[in-house]
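Bear in mind these aren't lab numbers, they're just calculated from the coordinates by the rules spelled out. Being a predicted model, the structure only gives us computed values, none of them experimental. Neighbour counts run over all protein chains shown; Cβ positions are idealised from the backbone, glycine included.
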């Protein structure tokens with residue numbers, strides 16, 4: 001079956017531009033995570049949803065970062081007024097139900113380059 | 001979040017076993033040990049997880065020390081497709097524990113033909 005799908009695969013933005021990154025989780029998965037991965041580093045947690053509820057946004061680096069999942073399926077990560085330090089791969093992951101220690105399924109990510 | 005320590009890199013030869021170590025001396029009783037790997041240009045992929053007993057699946061084996069302060073991921077016969085960064089992660093599943101996975105830098109495994 002289909003895995004986690006992220007779009008676009010690559011995004012080039014000019015500094016100051018707003019961007020929106022989309023994540024289509026596996027159908028029926030309750031939990032959804034966003035991670036940011038800088039070159040040569042491990043993924044860093046950004047935010048977590050259980051259905052449409054954003055339960056943890058402690059990893060969002062600034063108020064320029066905003067995530068939503070209005071109907072409990074597709075999620076969008078929005079970055080306003082992008083800066084060069086926002087250049088990274090943004091990974092989305094979903095899980096059937098985190099509370100039962102289920103594994104996470106990751107997408108291939110969106111590579112964002114801010115010029 | 002409980003911390004893990006892994007070597008930055010390791011090398012192996014194709015078709016030989018690989019033992020990837022992980023130290024987690026501050027592990028708590030409710031922490032599960034998870035392993036993920038990340039192939040180039042892909043997102044992380046689940047490998048295996050365990051609590052106390054050794055675990056086996058089609059991808060790998062997980063050997064957990066009796067005191068749980070260390071563990072070893074075992075790839076029985078490395079292939080070129082196993083070249084990846086391997087992450088050892090502690091996950092607290094107790095009530096009130098964080099649901100997120102906290103990644104370190106992992107171990108970059110190189111497999112030589």
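A few comments on the model shown:
- Shielding by partners, peptide A:10-22 (average Cβ within 10 angstrom, other chains): 0
- Note on residue B:28/residue B:58: beta-carbon distance plugged into 1/(1 + (r/R0)^6) with R0 of 22 Å gives a FRET efficiency of 0.15.
- Rel. contact order, % - alpha carbon contacts under 8 angstrom, at least six apart, the stretch A:1-108: 34 percent
- When chain A is treated as a Gaussian network with alpha carbon springs shorter than 10 Å, the biggest mean-square fluctuation among A:84, A:41, A:54 belongs to A:41.
- Per the Debye calculation on the stretch B:61-112 with a single equal scatterer at every Cα and no solvent contribution, log₁₀ I(q)/I(0) for q = 0.14 Å⁻¹ amounts to -0.51.
- Value of D in µm² per second that Stokes-Einstein yields for the stretch A:13-66, Kirkwood Rh from Cα pairs, at 4 °C (1.567 mPa s): 101 µm²/s
- Volume of the Cα convex hull of the protein assembly as shown, divided per residue and given in Å³: 125 Å³
- Efficiency of FRET between residue B:19 and residue A:2 - r from beta-carbon atoms, R0 41 angstrom, step 0.05: 0.75
- Residue mean of other protein chain beta carbons inside 10 Å, A:29-42: 2
- Taken residue by residue and averaged, Cβ atoms of other chains lying within 10 Å of the Cβ of B:83-92 number 1.
- Spread of Cα-to-Cα distances over 10 Å intervals beginning at zero, given as percent, for the stretch B:25-113: 16, 48, 29, 6, 0
- Shape summary: the stretch A:1-106 maps onto an equivalent ellipsoid whose semi-axes, from the alpha-carbon gyration tensor, are 23, 14, 13 Å in decreasing order.
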